[in-house]
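Report on one structure; see the data block that follows.
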Amino acid sequence: MTWEQGQKTPRNAPRGPASSRRGFLTLAGATALGGAVGYTVPFGAEGLIGTALAQEKKLPDFVKTKDLNGLIVHSDKTMETKRGFITAGSVTPNKLLFVRNNLAVPDESVVANADAWEVSIEGVKNPRKLTIAELKTLGIESVAAVQQCSGNGRGYFTHKPSGTPWTVGAAGCVIWTGVPLKAVVAALGGPAEGAKFITGTGGEKLPDGIDPKTLIVERSVPVEALENALLAWEINGEPLLLVHGGPLRLVHPGYYGVNNVKWVKTVALTAAESDAKIQKTSYRLTPVGSKSQPSEPSMWEMSVKSYVTGPSDTAKAGKTVITGVAFGGTQPVTKVEVSADGGKSWKEARLVGPDLGKYAWRAFALQTELPAGTHILVSRATDASGATQPEDFPGNEGGYAHNGWRDPAVKVVIS
Ligand SMILES: Nc1nc2c(c(=O)[nH]1)N[C@H]1C(S)=C(S)[C@@H](COP(=O)(O)O)O[C@H]1N2
Ligand SMILES: [Mo]
């Protein structure tokens, strides 16, 4: 059994050394079957979702581009990669990349007619609308970047934050291709006076009768992000899939997924942050039990993080390769340590495969021998700024930014 099946790790349980850690394992085991209870769409239990069941539950059409055996389906809008399907190759296949939609996905016709999609570029000297066909004449770049939901790891917080209880699978490493936003802004005369943020607006149809500001996906990031931002129309060498924002997506490498606005209709250089709810009060680091304030830190740049991906539940005694992934947000990963005894002793792992740049993740591996018994596998990454994952990440109201090394442990039984 993998650790992620016990979704609510008792973070606030006494943190004494070995004894309390054992208690904490038992408890997580005991909640394993209850992981999905209370969740609005009652088909989140890992292992139960096959294509047949998915069809029965009438999942949206986009699931035909997904491998549902490798995904935990939390709802028709939220699906995460199963830990055992996170591969040691550097890039996450499109069919296994997690999905997180706030609203219904636009109609398929928008990708069928991709070159005609228009994006309005505002807050520049000569604002105007551009089609993808026109964007393609202005430049091209590719970047490998971790695409991670701010709530990845939310399921480990014990205060039961509302929102999807993701464990480790709301992240992937993706190669985006498109035009640098910088080139587009330059072609339109450069930024207008006083630009402090880049504000992207999603192109979903909003339901009638509800204040659009409460639903619209409109995110602002500091204008410094212009240096690396991309308007992307390809994902991992394929035309950008509808479910991932096709035909056009704003991508900010190193930033949390929420800032990567799908079906982007407007990109504006603005003096202030958007006043949409998703910017103003959601996605803020708010103390547990408090109401979010626009002055609190927004989910922008990601922090250093890693987790073990295999072996996942049982293995034979003897030689074992412990694998996982590590990333540093805007910093390259410099070191990954692995422990097979829940963090008592550590060994440095080897970084595997090509280095796709500082925004990508690195797979890691530790070749070792594990005797018969139960082992608690954890990993801890350090980035080039010297930042290391903490043992525990403090709870916050929305359950964001979890990067503690202890909670995503894998319990493996070796026989
Ligand atoms: N237009 C739009 N963009 C969006 C969202 C959305 O619902 N609508 N969700 C955001 C969130 S919270 C995340 S984590 C990522 C998820 O991207 P993915 O579904 O391609 O993995 O998209 C972000 N961009
Ligand atoms: Mo997200």
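Things to note:
- Test: residue in the stretch 385-405 that is crowded, with 18+ Cβ neighbours inside 10 Å and touching an Asp or Glu at 6+ places or on another chain (Cβ under 7 Å): yes
- Within the stretch 256-288, tally of residues that are more than 16 Å from ligand 1 (Cβ to nearest atom) and in contact with an Asp or Glu (Cβ under 7 Å, 6 or more places away or on another chain): 3
- Filter result for the condition that a residue is surrounded by fewer than 20 Cβ atoms within 10 Å (Cβ to Cβ), at pLDDT below 95 and within 14 Å of ligand 1 (Cβ to nearest atom), over Pro207, Pro212: Pro207
- Of the strands (runs of 3 or more DSSP E) lying entirely inside the stretch 298-364, those carrying at least 2 residues that are surrounded by 22 or more Cβ atoms within 10 Å (Cβ to Cβ) are 305-310, 318-327, 333-339.
- Qualifying positions in the stretch 101-131 - more than 16 Å from ligand 1 (Cβ to nearest atom) and either closer than 30 Å to Ala363 by Cα or surrounded by 20 or more Cβ atoms within 10 Å (Cβ to Cβ) (or both): Ile121, Gly123, Val124, Leu130
- Checked against (1) closer than 28 Å to Pro161 by Cβ; (2) over 18 Å from the mean Cα position of the chain (by Cα), Asn403 passes all but condition (2).
- Residue count for the stretch 80-101 satisfying the condition of being modelled with pLDDT of 95 or more and farther than 23 Å from Ala409 by Cβ: 8.
- When residues of the stretch 58-100 are limited to those that are within 15 Å of Leu241 (Cα to Cα) and without any contact (Cβ under 8 Å) to a residue 24 or more places away in the chain, the one surrounded by the fewest Cβ atoms within 10 Å (Cβ to Cβ): Lys64
- Set side by side, the residues Thr158, Thr164, Thr177 differ, and just one is more than 17 Å from Glu301 (Cβ to Cβ) and within 14 Å of ligand 1 (Cβ to nearest atom), which is Thr164.
- Residues in the stretch 182-204 that are within 16 Å of ligand 1 (Cβ to nearest atom) and buried (at least 21 other Cβ atoms within 10 Å of the Cβ): 5 in all.
- Condition check for Val412 on (1) outside any strand (DSSP E or B); (2) more than 19 Å from the chain's Cα centre (by Cα); (3) surrounded by 18 or more Cβ atoms within 10 Å (Cβ to Cβ): one failure, at (1).
- Pairs are defined by a Cβ separation below 9 Å, a sequence spacing of at least 6 or placement on different chains, a first member in the stretch 135-148 that is at pLDDT 95 or above and among the basic types (Lys, Arg), and a second member that is in a strand (DSSP E or B) and within 16 Å of ligand 1 (Cβ to nearest atom); the pairs so defined are Lys136/Gly178; Lys136/Trp233.
The values are calculated or read from the model by the stated rules, or taken from the named source; none is laboratory data. Everything numeric in this text was worked out from a predicted model, so none of it was measured. Cβ atoms come from the backbone with ideal geometry, glycine included; neighbour counts cover every protein chain shown.
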